[in-house]
């Protein structure tokens, strides 16, 4: 087993910087597009055979040091009683979004080992398939981001409904996020039992919050997930976008690895986060759409800034974009592995 | 003339913190919605009588310390040969977006005093109407944001086309931004001649850039606009969203006033920007959708953090949202004026 990724998560020395890519299984891959021509996103998530195939697609053709479970952040919505689907070109759409405290209290609790057994089955198969290859990363959504999806019910430019709910109904907000925190913590524990060797918490929209709001409305709930996973002993990665102003607070969640977007140089962010954490990032995903020499130069800048410290996991600052040439992703992974100061 | 706003721009003492709101003329006002039921956004921009009326609407009913010209960032597109319109719910759509170096070279130059005479006429009327009341702010787009609109041609989540163009065609990119810099500088000079007493440069999308990219692809062109306005002696405000990671570079443009979004506490941002600049911001616009006491508390936090230093102009961290109750905007302006430590 290639354990570079796990060693970097634990701040141990590595023979080369480990690399994986958010959305490494996705539309930029011809194999993925072929499957998606026949199956919907939710079909793939619900069918272990398909989800296993999609998870393995990038591992087979790119020298990544980790696989990430193919699933969706919103998979826990259905067993909670939030009906949703994916609208072409728009992303998820929730048919019965949360708009009142009463809506929060209507949410159902569930046992992930039953209601999401298909995801755990996917993980068990992947664990066997990947045994001699690379570790498997599981994931879940942070309470703020889950609540924002549940309240907005669809895409949002400014999270106006979410924040209005937070400000106007703080008690119901904290009940909602407490519910998501308990649900996601249990779901991640179940993923770990089934075989994932690290978990990533996506707080995709936390960057929309000012610092005081992050501290009051998001941080306590994400922290409670991280705490609930501490005794399990697998690395917890936290990832968000546009988080430069709340980075130190995010480190306060206790996550072992902090995922960065591309906006701030990695060494400056790392200095603010502290030496006791690993860091994941942070190439602008659009770099892969430009010339190769420029992409390599941007990657080298990151590698140079992170050099000499343990705990750097190379990744993009956000997911691989659909128009990215596969060859650029392949070349980038090889380039990262070949980097020497 | 109430000159609090201009005094704060110049770091002079004021009797109360000046306040105005981005998009203070907009959909949240019943008077604006009534006009928009009869006229399109571009109709209003093109007709001085209508543009004057819309500009004055908030000045009549809210105690703001400045008016801002009602117009649109993309007004210079038409005389440059970029055809655009506003698509309901989606924002501007450019029919012939820039996709190649040849497209850049097809752009036309123009004399704003002729091609945009209607905007300057609006300013001349407003200058007379506002003579005894509050100063008038003019505005234009920063080259990066103008180029991003011209290249994307419509809304974009990640500016993938813009950045791919930047990386792949850097010479054409710099020609394009150089063209926008010259055009916007001349347009702002014409606005000042017509009577605006301050100008705001909107680099709305600069926050999508990593720091090295901002320095290479955006900063030099914005700086050239600021330099071109230095001898005119009116305050230049720079505004962008999600700029926490590039704030010091933005200050490097030389703008007199730096506009902040709501993500970072104003005192920390100000400390990074430096004591020699005024600062504008930075309440989360969604605060106005919540309870009044919470909105006041958030405003007080900003005012307390900025207290004891000259040069704070109170504003939101982005535009007033369409669902904002007018009474909240009115109450907020009065509350800011009444603030005492």
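The values are calculated or read from the model by the stated rules, or taken from the named source; none is laboratory data. Because the structure is a prediction, the values reported are computed rather than measured. In this analysis, Cβ positions are derived from the backbone assuming ideal geometry, glycine residues included, and neighbour counts consider all displayed protein chains.
Just give me the residues in region B:187-227 being under 18 Å from the mean Cα position of the chain (by Cα), part of a helix (DSSP H, G or I) and either within 14 Å of chain A (Cβ to nearest Cβ) or within 22 Å of residue B:318 (Cβ to Cβ) (or both), in sequence order.
Within region B:187-227, B:188, B:206, B:207, B:208, B:218, B:219, B:222, B:225, B:226 meet the criteria.
Which of the numbered conditions does residue A:280 fail, given that it passes all the others? Conditions: (1) over 25 Å from residue A:225 (Cα atoms); (2) out of contact with any helix residue (DSSP H, G or I) (no Cβ under 6 Å at 6 or more places or on another chain).
Unmet for residue A:280, out of (1) over 25 Å from residue A:225 (Cα atoms); (2) out of contact with any helix residue (DSSP H, G or I) (no Cβ under 6 Å at 6 or more places or on another chain): (1).
What residue, of A:305, A:292, A:277, A:309, is touching a residue at least 24 places away in the same chain (Cβ under 8 Å), touching a strand residue (DSSP E or B) at 6+ places or on another chain (Cβ under 6 Å) and surrounded by fewer than 21 Cβ atoms within 10 Å (Cβ to Cβ)? Full working, then the answer.
Values: A:305 fails: touching a strand residue (DSSP E or B) at 6+ places or on another chain (Cβ under 6 Å); A:292 fails: touching a strand residue (DSSP E or B) at 6+ places or on another chain (Cβ under 6 Å); A:309 fails: touching a strand residue (DSSP E or B) at 6+ places or on another chain (Cβ under 6 Å).
Result: A:277 is the single residue among A:305, A:292, A:277, A:309 that is touching a residue at least 24 places away in the same chain (Cβ under 8 Å), touching a strand residue (DSSP E or B) at 6+ places or on another chain (Cβ under 6 Å) and surrounded by fewer than 21 Cβ atoms within 10 Å (Cβ to Cβ).
Given (1) farther than 23 Å from residue A:246 by Cβ; (2) within 13 Å of chain A (Cβ to nearest Cβ); (3) outside any loop (DSSP other than H, G, I, E, B), identify the lone condition not met by residue B:247.
Residue B:247 satisfies all of (1) farther than 23 Å from residue A:246 by Cβ; (2) within 13 Å of chain A (Cβ to nearest Cβ); (3) outside any loop (DSSP other than H, G, I, E, B) except (1).
Yes or no: region B:228-242 includes at least one residue that is touching a strand residue (DSSP E or B) at 6+ places or on another chain (Cβ under 9 Å), at pLDDT 95 or above, surrounded by 22 or more Cβ atoms within 10 Å (Cβ to Cβ) and within 14 Å of another protein chain (Cβ to nearest Cβ).
Yes, region B:228-242 contains a residue that is touching a strand residue (DSSP E or B) at 6+ places or on another chain (Cβ under 9 Å), at pLDDT 95 or above, surrounded by 22 or more Cβ atoms within 10 Å (Cβ to Cβ) and within 14 Å of another protein chain (Cβ to nearest Cβ).
Determine, yes or no, whether residue A:323 is out of contact with any helix residue (DSSP H, G or I) (no Cβ under 6 Å at 6 or more places or on another chain) and either away from chain B (no Cβ under 12 Å) or surrounded by fewer than 20 Cβ atoms within 10 Å (Cβ to Cβ) (or both). Please lay out each step first, then the result.
Values: out of contact with any helix residue (DSSP H, G or I) (no Cβ under 6 Å at 6 or more places or on another chain): yes; either away from chain B (no Cβ under 12 Å) or surrounded by fewer than 20 Cβ atoms within 10 Å (Cβ to Cβ) (or both): yes.
The answer is yes for residue A:323.
Scan region A:173-181 and give yes if some residue there is at pLDDT 95 or above, within 19 Å of the chain's Cα centre (by Cα), surrounded by 23 or more Cβ atoms within 10 Å (Cβ to Cβ) and over 14 Å from residue A:145 (Cβ atoms), otherwise no.
No: region A:173-181 contains no residue that is at pLDDT 95 or above, within 19 Å of the chain's Cα centre (by Cα), surrounded by 23 or more Cβ atoms within 10 Å (Cβ to Cβ) and over 14 Å from residue A:145 (Cβ atoms).
Could you tell me how many of the residues in region B:263-283 are more than 10 Å from chain A (Cβ to nearest Cβ) and either farther than 24 Å from residue B:235 by Cα or in a strand (DSSP E or B) (or both)?
As a first pass, look at region B:263-283 and keep what is more than 10 Å from chain A (Cβ to nearest Cβ): B:266-267, B:270-281.
This time we only want the ones that are either farther than 24 Å from residue B:235 by Cα or in a strand (DSSP E or B) (or both), so: B:278-281.
So the count comes out to 4.
Would you please name the residue that is farthest from residue B:164 (Cα to Cα), looking only at residues in region A:284-320 that are facing another protein chain (nearest Cβ under 9 Å) and not in a loop (DSSP other than H, G, I, E, B)? Quick ask: steps written out before the conclusion?
Initial filter on region A:284-320 (facing another protein chain (nearest Cβ under 9 Å)): A:284-287, A:289-291, A:294-295, A:298, A:301, A:317-318.
Narrowing further to those that are not in a loop (DSSP other than H, G, I, E, B): A:285-287, A:289, A:294-295, A:298, A:301.
Details: A:285: 10, A:286: 7, A:287: 7, A:289: 5, A:294: 11, A:295: 11, A:298: 14, A:301: 19 Å.
If we take residues in region A:284-320 being facing another protein chain (nearest Cβ under 9 Å) and not in a loop (DSSP other than H, G, I, E, B), then A:301 is farthest from residue B:164 (Cα to Cα).
Identify, by number, the condition in (1) at pLDDT 95 or above; (2) under 24 Å from residue A:100 (Cβ atoms) that residue A:247 doesn't meet.
Status for residue A:247: all satisfied but (2).
Of all residues in region B:71-99, how many are in a loop (DSSP other than H, G, I, E, B) and surrounded by fewer than 19 Cβ atoms within 10 Å (Cβ to Cβ)?
Narrowing region B:71-99 to residues in a loop (DSSP other than H, G, I, E, B): B:71-76, B:81-83, B:88-90, B:95-99.
From the residues that got through so far, the ones that are surrounded by fewer than 19 Cβ atoms within 10 Å (Cβ to Cβ) too are B:72-73, B:81, B:83, B:88-90, B:95-97, B:99.
The qualifying residues number 11.
For the subset of region B:147-167 comprising residues that are touching a strand residue (DSSP E or B) at 6+ places or on another chain (Cβ under 6 Å) and closer than 21 Å to residue B:107 by Cα, which member is nearest to the other protein chains (Cβ to nearest Cβ)? If you could, list the steps in order and put the result at the bottom.
Within region B:147-167, the first condition is being touching a strand residue (DSSP E or B) at 6+ places or on another chain (Cβ under 6 Å), and the residues that meet it are B:153-155.
Narrowing further to those that are closer than 21 Å to residue B:107 by Cα: B:153-154.
Values: B:153: 15, B:154: 12 Å.
If we take residues in region B:147-167 being touching a strand residue (DSSP E or B) at 6+ places or on another chain (Cβ under 6 Å) and closer than 21 Å to residue B:107 by Cα, then B:154 is nearest to the other protein chains (Cβ to nearest Cβ).
Looking at region A:104-123 only, could you name the residues that are touching a residue at least 40 places away in the same chain (Cβ under 8 Å), surrounded by 14 or more Cβ atoms within 10 Å (Cβ to Cβ) and in a helix (DSSP H, G or I)?
Answer for region A:104-123, where residues must be touching a residue at least 40 places away in the same chain (Cβ under 8 Å), surrounded by 14 or more Cβ atoms within 10 Å (Cβ to Cβ) and in a helix (DSSP H, G or I): A:104, A:112, A:113, A:118, A:119, A:120, A:121, A:122, A:123.
How about region B:1-68: which helices (runs of 4 or more DSSP H) wholly inside it have at least 3 residues that are farther than 22 Å from residue B:299 by Cα? Even if it seems obvious, please write down each step before you answer.
Details: elements: B:4-9, B:30-36, B:41-46, B:48-61.
By residue number, B:30-36, B:41-46, B:48-61.
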